[in-house]
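These notes are about the structure you will find just below.
Just so you know, all these numbers are worked out from the coordinates, no wet-lab data involved. Note that the structure is a prediction, hence the values are computed from the model and not measured. We place every Cβ from the backbone using ideal geometry, glycine too, and count neighbours over all the protein chains shown.
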Amino acid sequence: MSRKPRTPTAGPAPAAAAVHLAAVPEAPTLHARTVAIEDPGELIARLPNASASETFSWVRRGDGLVGWGEALRIETSGADRIRDADAAWARAVGDMRISDDVREPGTGPVAFGSFAFSPDSRAGGVLVVPEVVLGRRDGVAWLTTVTPADGAGPPLAAPVPDPVVAPQDVRWSDGALDSPTWRSAVADVVRRIRAGDVTKVVMARDVVARSARPLDVRHLLGRLAAEYPACWTFAVDHLVGATPELLVRREKGLAACRVLAGTIRRTGDDADDLRHAAELARSSKDLEEHELAVASLVRALRPYCASINVPDAPFVLHLPNVMHLASDVTGVVDGALGHPSTFPAHSADGRGPSSLALAAALHPTAAVGGTPTPTATAILAEAERMDRGRYAGPVGWIGADGDGEWGIALRSGEISRDDDHRIRLFAGCGIVAASDPDAELAESEAKLAPMREALAQA
Ligand SMILES: C=C(O[C@@H]1C=C(C(=O)O)C=C[C@H]1O)C(=O)O
């Protein structure tokens, strides 16, 4: 983990504070203030034109959070990247002055975060507290500002944003592997599964897009939120996407996870799609893949929960591009089970680990790694021949009491830090003994569709 003071930007924004595990005496105390506001309209439409590293979103069906600017940044790396960030956040909120008139999940200071899939990735992990957060939930709207306690901060009103810029002349190129090479890598993995080395391996691929104009995160967010309202449309530190999969939400002592595994493509014909949905719900290949994913999630969640509810059978989640087998698993988080809260000051009742500590315990799930996890992740790292970066890692937000929501960063892309015209998109598929490499290539294309379409000009 490293301290990273923000590079100063123009305008009246306050200087960013930095934090690490030890006390940082020179860092200014931050003041987080939340006030109720009139309905701001579409949250994403209120984002100003900030850089990709200072634009934040976590929006579903119009509710959620958007943020901009950077008041505090926590960077981590290695195997403990998620737990270290959780501990640093607990300390940071302990040092803040907080005034919160609204007291809903997502009010008070929040940190948006994203973490690399692999402990070995150079992408590490990050939590950023924006200078301004705009939120809405069930008809209640609020604005939070985070400023040095002794300084003047941004005004307590959302700015009028400037026009969104669409991409132009987008050119596509291969990522680490071209399609035929990825297809044969999948065929090799199928052979290893049939030989009994492993049961399931999730194989991902990347493609690269370059726009003649710099990419405007708000364009991508707007398109994704409009087309995929059932997904969580996110932006954190250059990573942008709309994921249908919830790694874990923790709210008032209850954990909720949405596990997806088992996929078919949409045809565009409703009657055909309904027939395919029924086939998906009966397909032994997909049901087996799904059961593996649910069982591994439940195994990882059990040590933290007094009770867990697992549905008897999955439902079919219909998205515009694909349909998935889905299970919503819930659990009552219990701090008395030997995993006390990381937030003692905020959870004196011992309500157990924070949302981020739970994310650390659950990542990587079988849905994005495979089964058994250690063998599967070793095989995928070798077979994919790329660093996944933050794709398929936890992405979401955490509040001052440790509650928060963490999705799995799927259906997403990472805007290059060196070239804001360039974005790398990712998609993966669960490979089992019965997998057909051609069908998996087509499935990966269907999973790339949301981001490919969001990059379209008009
Ligand atoms: C890995 C991805 O998706 C995952 C794999 C799925 C599958 O193989 O059926 C379904 C949903 C996700 O858990 C992706 O979208 O990149």
Taking other Cβ within 10 Å of each residue's Cβ, how do LYS252, LYS285 sort, fewest first?
LYS252, LYS285
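List the trypsin sites (Lys or Arg not before Pro) in the range 108-202 that DSSP assigns to loop (not H, G, I, E or B) and whose Cβ has at most 11 other Cβ atoms within 10 Å. Which are they? Before the final figure, lay out the partial values.
On the way: sites: ARG122, ARG136, ARG137, ARG171, ARG183, ARG191, ARG192, ARG194, LYS200; in loops: ARG122.
For trypsin sites (Lys or Arg not before Pro) across the range 108-202 that sit outside H, G, I, E and B with at most 11 neighbouring Cβ atoms in 10 Å, the list reads ARG122.
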Per-pair calculated FRET efficiency, R0 = 56 Å: SER173 and ARG299 via Cβ, rounded to 0.05:
0.90
Can you give the local net charge around ASP169? Use residues other than it whose beta-carbon is closer than 10 angstrom to its beta-carbon, Lys and Arg +1, Asp and Glu -1.
+3
Packing-based order for 301-310, 214-223, using average beta carbon neighbours within 10 Å, highest first
214-223, 301-310
Can you tally the net charge around ARG33? Count Lys and Arg as +1, Asp and Glu as -1, for every other residue whose Cβ sits under 10 Å from the Cβ of ARG33.
-1
Place +1 on the Cβ of every Lys and Arg and -1 on the Cβ of every Asp and Glu in the chain, take the dipole about the Cα centre, and give the residue among ILE398, VAL59, LEU319 whose Cα lies farthest towards its positive end.
ILE398
List the trypsin sites (Lys or Arg not before Pro) within the range 346-441 that DSSP assigns to loop and that have no more than 15 neighbouring Cβ atoms inside 10 Å.
ARG385, ARG417
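Which longest uninterrupted range of the chain lacks any GluC sites (Glu not before Pro) assigned by DSSP to a loop state (not H, G, I, E or B) and surrounded by at most 12 other Cβ atoms within 10 Å? Walk me through the numbers before you get to the answer.
Details: sites that count: GLU26, GLU38.
So the longest stretch without any such site is 39-458.
If you average the sequence gap of Cα pairs under 8 Å that are 6 or more apart and divide by the length of the chain, what percent do you get for the contact order?
Working: 1144 pairs, mean separation 95.4, N = 458.
Answer for the chain is 21 percent.
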Given axes a ≥ b ≥ c from the Cα gyration tensor, I'd like to know whether the range 172-279 is rounded (a/c under 1.5), prolate (a/b larger than b/c) or oblate.
rounded
Work through the residues other than GLU443 whose Cβ is under 13 Å from its Cβ and net out their charges, Lys, Arg +1 and Asp, Glu -1.
+1
